[in-house]
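The values are calculated or read from the model by the stated rules, or taken from the named source; none is laboratory data. Everything numeric here is computed off the predicted structure, so don't read it as measured data. Here the Cβ positions follow ideal geometry from the backbone for every residue, glycine too, while neighbour counts run over all protein chains shown.
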Amino acid sequence: MIAWSRRRTLVAGIGLILAVNAVALAGVAYNRSGDPDSVLRLTQRELRPPYGWRSSAENSGVALTLHWRAPVEESADSRGWVSFGGGGSPAWLDKAKLASLGFETSPPKAAADGGRYYEKQLAREVLLVLELDGPAYRQSLERARQNAARAEASQAANAGNKDIERQAKLAKERATSEEREYTRLFAVDAGLDIGALRARYPDRARYAIVRGLVRPQLTSHDKEQRLSGYVSGLSVDQINLPVAFRQVVGYALQDNRAGRNNMPAPYEAEVAFGKRLEPWITAVSGKAGSQ
Amino acid sequence: MTTLSRTEAQQRADEIRVFRRELDRLEREHILALTEEQRRAVAGHHDGLLARYTQAFDIDRDVQARQLSLGMRIASFLGALALAASVFFLFYQFWGLFAATTQVAVLLSASLGVFAATVWIQGKDASGYFTKLAAMVAFACFVLNIAMLGQIFNITPSDNALIAWAALALLLAYNCDLRLLLAAGILCIIAFVSARTGTWSGMYWLYFGERPENFFPAAAALFLVPQFIRHDRYAGFAAVYRVFGLLALFLPMLVLANWGQASYLYLDPKVIQGFYQILGFAGSAGAIWLGARRNWPEVLNTGVTFFVVFLYTKFFDWWWEIMPKYLFFLVLGLTAVLLLFVLRRMRTVAVKLFKGNKP
């Protein structure tokens, strides 16, 4: 190899740094150009600040975490099982949907153990549809209320039974949390073609299409193994909070310290998802006393 | 003279020092006697060379200077790491207080400014220590620059960032003669090639580490780089490529030899483990042979290290539970002694071969 002169090195290095920055910023500009693909008005229920934000002296930046859920089956719902952002296995993510996402759903004859075959398929990046305050949330809320009502009736019929009393209390708390605290953002569909998904979910203020990760898994139901999918996360689940909006969220957190529950005081953030489906916060407003 | 690199100048200076010591010994033992004129001519020639090298490259003229140099190398390495960490923490401490435009301006200016400063320092710093320090900080600034752009604008993570980091690391490594940055660049290349290999099977690129076989193409490519690109002017660069090539080959093999489930192969995990154990032994033995044959000590040493690790891992599997511990460690010790005998024998054979091949 031949050594370069200092001048040539300088030009090459500066050119490289500028080019890489230009490509990254051009991507950002493209994402934010024109009308966004969707704009959701999220609240403190869907956009959570990091734990101990104010106590971190080393990092002055703040990123809000996008909290979402996968709708669970009724049987799981009745047991009070709730999935949050860490992943979930929604009923709609079945074998056919997995096949449409590019996963191999029929093991070859050479693969004697089907389970191992599915396990070997790692997560793929696909397009996920996030629904805000839609049918999936209302169904979850309704089930929580029904569970609470059933548990209350059972408590009345079994007065003095401590276990049933405790279950009734938990069911009531869950229904309250479902009404006031839990995220209303649900992953309701997945696909590979943004046009087809948008045609199916045209409401851009309720449905956001984002990139997320899905992998197959084998689950057991009544001693029968079933292939299903698992949504393991979003490609971008942290949204930077611009300095201009920090005060609103900051006040909400201060209110929270003096508050009665673990939720931050109400705020509403307008989150846009651009042409590359990358999100950004366009506005934040406080909603004092409106919870 | 002008085409000489610092490493070559240092090597010549070391040879002059050894020559002078041996000449002195030969004269004292009355085996060789130079005339006064000859001695003056040789000494004058060497002094002139050393003076020129010292002026041009700030080389170590004697053992004391060399020891000090080692200390300076360690100090510059630690200083570079500390400064790079300082840049990271400094930005994290204050970036949240600025608007996005200011954040981008600060990141870009830091990357450009420190890179330009590195090139400027290179022109002033004959020793190279300060250049290395600045180069490390320049690389850290660029990594921070791209990573923070992703964070500020919520950009979807992409493996393309790795290739940009690798490009700057290699640019700095080759122009500042810095093996540490070469290693950083090589690590970025390994990650990029492995991620691309993984995405061929459809997986999300960040999961490339979950299938160790993804590293094999990068391993082969790195090992072959010095075969196709000459590195005569860059002391130790070819060795760094070969060592990282072998690490990218043997470490995944070691993982697969103990955790067959991680493989792409649709076979019984025990069969996969056995396959990679055999491959690991054969590969490391092959590296020992190749290292001895081509006179690549780094290849030989890496091969020996992995051969021993593969062997000890098997011993652990077979005997840790059933053997008394004193016996287990005795077996390990005896194996090490046996390996020493084998390697000594190999060395003797290699010396004979070398003599036989000598014209």
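Numerical summary
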| read-out | value |
| --- | --- |
| Subset of the stretch A:93-128 [more than 7 Å from every other protein chain (Cβ to nearest Cβ), assigned to a loop (DSSP other than H, G, I, E, B) and at pLDDT below 75] | A:PRO107, A:PRO108, A:LYS109, A:ALA112, A:ASP113 |
| Among (1) within 16 Å of A:ALA70 (Cα to Cα); (2) within 14 Å of chain B (Cβ to nearest Cβ); (3) among the acidic types (Asp, Glu) - the single one A:ASP189 does not satisfy | (2) |
| Residue satisfying condition, being of a type in the set (Lys, Arg), more than 27 Å from B:HIS231 (Cα to Cα) and either at pLDDT below 85 or in a helix (DSSP H, G or I) (or both), within set B:ARG52, B:ARG21, B:ARG66 | B:ARG21 |
| Unique residue being buried (at least 17 other Cβ atoms within 10 Å of the Cβ), at pLDDT 90 or above and in contact with a Phe, Trp or Tyr (Cβ under 8 Å, 6 or more places away or on another chain) when the list is B:ALA138, B:ALA134 | B:ALA138 |
| Residue check, A:ALA208 of a type in the set (A, V, I, L, M), crowded, with 17+ Cβ neighbours inside 10 Å, modelled with pLDDT of 95 or more and in a strand (DSSP E or B) | yes |
| Which listed residue, of B:LYS132, B:LYS124, is of a type in the set (D, E, K, R) and more than 19 Å from B:ALA184 (Cβ to Cβ) | B:LYS124 |
| Conditions (1) touching a Phe, Trp or Tyr at 6+ places or on another chain (Cβ under 9 Å); (2) modelled with pLDDT under 95; number of the one not met by A:ALA57 | (1) |
| Residues of the stretch B:130-182 satisfying the condition of being among the charged types (D, E, K, R) and on the phi > 0 side of the Ramachandran plot | B:ASP177 |
| Leading residue by the ranking (farthest from the other protein chains (Cβ to nearest Cβ)) among those in the stretch B:184-229 that are touching a residue at least 12 places away in the same chain (Cβ under 8 Å), aromatic (Phe, Trp, Tyr) and more than 27 Å from B:LEU300 (Cβ to Cβ) | B:PHE192 |
| Residue ID - farthest from B:PHE142 (Cα to Cα), chosen from residues in the stretch B:74-93 that are surrounded by 14 or more Cβ atoms within 10 Å (Cβ to Cβ) and within 7 Å of another protein chain (Cβ to nearest Cβ) | B:GLN93 |
| Qualifying residue in the stretch A:144-157 (condition: in a helix (DSSP H, G or I) and in contact with a Phe, Trp or Tyr (Cβ under 8 Å, 6 or more places away or on another chain)) | no |
| Residue count for the stretch B:255-273, restricted to those that are over 16 Å from B:PHE316 (Cβ atoms) and in contact with a Ser or Thr (Cβ under 9 Å, 6 or more places away or on another chain) | 4 |
| Filter result (more than 18 Å from B:LEU256 (Cβ to Cβ) and assigned to a helix (DSSP H, G or I)) within the stretch B:194-220 | B:ALA195, B:ARG196, B:THR199, B:TRP205, B:LEU206 |
| Hey, B:PHE223 under 30 Å from B:SER201 (Cβ atoms) and in a helix (DSSP H, G or I) or not | yes |
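Conditions tested, residue by residue: (1) touching a residue at least 40 places away in the same chain (Cβ under 8 Å); (2) under 25 Å from B:ALA134 (Cβ atoms); (3) within 14 Å of chain A (Cβ to nearest Cβ).
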position	(1), (2), (3)
B:SER5	yes, yes, yes
B:GLU15	no, no, no
B:ARG28	no, no, no
B:ILE31	no, no, no
B:LEU34	no, no, no
B:ALA41	no, no, no
B:ASP47	no, no, no
B:ALA51	no, no, no
B:SER109	no, yes, yes
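Yes or no, residue by residue, for (1) farther than 30 Å from A:GLU131 by Cβ; (2) within 11 Å of another protein chain (Cβ to nearest Cβ):
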| residue | (1), (2) |
| --- | --- |
| A:LEU10 | yes, yes |
| A:ALA26 | yes, no |
| A:ASP35 | no, no |
| A:LEU42 | no, no |
| A:TYR51 | no, no |
